[in-house]
1. Among T25, G71, F12, whose Cα sits farthest toward the positive end of the charge dipole of the stretch 6-122 (+1 at Cβ of Lys/Arg, -1 at Cβ of Asp/Glu, about the Cα centre)?
2. Regarding the chain, what are the three Cα extents along the principal axes, ordered largest first, in Å?
3. Tell me, what HN-Hα J-couplings in whole Hz come from the Karplus equation 6.51 cos²θ - 1.76 cosθ + 1.60 at θ = phi - 60° for each residue of the stretch 129-140, using x for Gly and Pro?
4. Check which residues have an amide H placed less than 5 Å from Y175's amide H, if you skip close sequence neighbours.
5. Report the one residue of A194, Y283, V223 whose Cα lies farthest in the direction of the positive end of the charge dipole of the chain (charges on C-beta: Lys and Arg +1, Asp and Glu -1; origin at the Cα centre).
6. Pick out, from P204, Y253, N153, the residue whose Cα sits farthest towards the positive end of the charge dipole of the chain, with +1 on the Cβ of Lys and Arg and -1 on the Cβ of Asp and Glu.
7. With +1 on each Lys and Arg Cβ and -1 on each Asp and Glu Cβ, how big is the dipole of the stretch 6-122 about its Cα centre, in debye rounded to the nearest 20?
8. Using the Karplus curve 6.51 cos²θ - 1.76 cosθ + 1.60 with θ = phi - 60°, work out ³J(HN,Hα) for each residue of the stretch 181-190 in order, rounded to whole Hz, and write x for Gly and Pro.
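The values are calculated or read from the model by the stated rules, or taken from the named source; none is laboratory data. Quick caveat: nothing in here was measured; it's all calculated off a predicted structure. FYI the Cβ positions are ideal-geometry reconstructions off the backbone, even for glycines, and counts take in every protein chain you see. We work out accessible area using only protein heavy atoms, side chains counted, and drop any ligands, DNA or RNA first. Shrake-Rupley method; radii C 1.70, N 1.55, O 1.52, S 1.80 Å.
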Amino acid sequence: MTAVTELGYVRFGVSSLEEWRAFATDLVGLEIGDDSDPGRLYLRSDQWHHRIALEENGADDLIGAGLRVAGPAEFTAMQAHLSELGVPYEVAGDDVARDRHVLELLTLSDPAGIPLEIFHGPQVEAHRPFHPGRPMFSRFVTGDGGVGHVLVNHAGLEATYDFYRNLGMRGSLEYRMPMPDGSTAEFLFMHANARDHTFAFGVPTDGKHIHHIMLEVDHLDDVLLAHGIVSKSQYPITVPLGRHANDQTFSFYCKGPSGFQVEIGWGGRPATHQSEYYTRDTYRGPR
Ligand SMILES: [Fe+2]
């Protein structure tokens, strides 16, 4: 079966590029792409042209999650597969593909209306090393694992599982967490590669498509450095330092300029090949 291989890029609509510019570089350590223009900011975390595109349109939300397929043959096979399943999609014109800095793409929505873009052939700037927006001890973890992961809204975990399975992803419920009101919260995680998960579902998203995006760094000190910088900023820490049980990532979350959260983590383990679930995180510091 043809399958998506990574979350290659994400597109966010934002209210203020100016706030995002400062947040993304000075706090998070991302690099501004040098062909950004007044209405759009490209953010780099490796040698891709960009991993995050910000458009100043007031959405303050995810406006596109770019899922990669291996190449032209897989792109054609994915179209046949979606048609067979009866999933509506639209192959974008060359102008849109050029705008996204990919060779070809199609657009579709998941059952909750999450805007997805399946593409192949990202522009990689092999000539231009990644240069972080502020000093870092090491680097962002991308490669075959993609930009990171996103937790997004869902329209039922079963329908969501089926949809993403049909894109070639694997996963399962990974938490059944007792809640203070006596209910049990269930969270679904889907992976496309060795990264523990690419999409997560089950946490309320406050009317937005996205709850958070996770960016991974490959040195613990970069989590601690980012935590120190964010702690002194206007952007609140929303989830304190701690370790998730499923991906074993040591991370914290903060609320960025668009209201959705950004998680910065280190130490994620590879996706498991057999399902298992947890009832709580390994460790989470005081709020
Ligand atoms: Fe996360």
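1. It is G71.
2. 50, 46, 32
3. Each residue's phi maps through the Karplus curve to give x, 5, 10, x, x, 8, x, 10, 5, 9, 8, 7 Hz.
4. F187, Y278
5. The residue sitting most towards the positive pole is Y283.
6. Y253
7. Using Cβ point charges on Lys, Arg, Asp and Glu, the stretch 6-122 gives about 220 debye.
8. Computed from phi, the couplings for the stretch 181-190 are 7, x, 7, 10, 8, 10, 10, 9, 10, 10 Hz.
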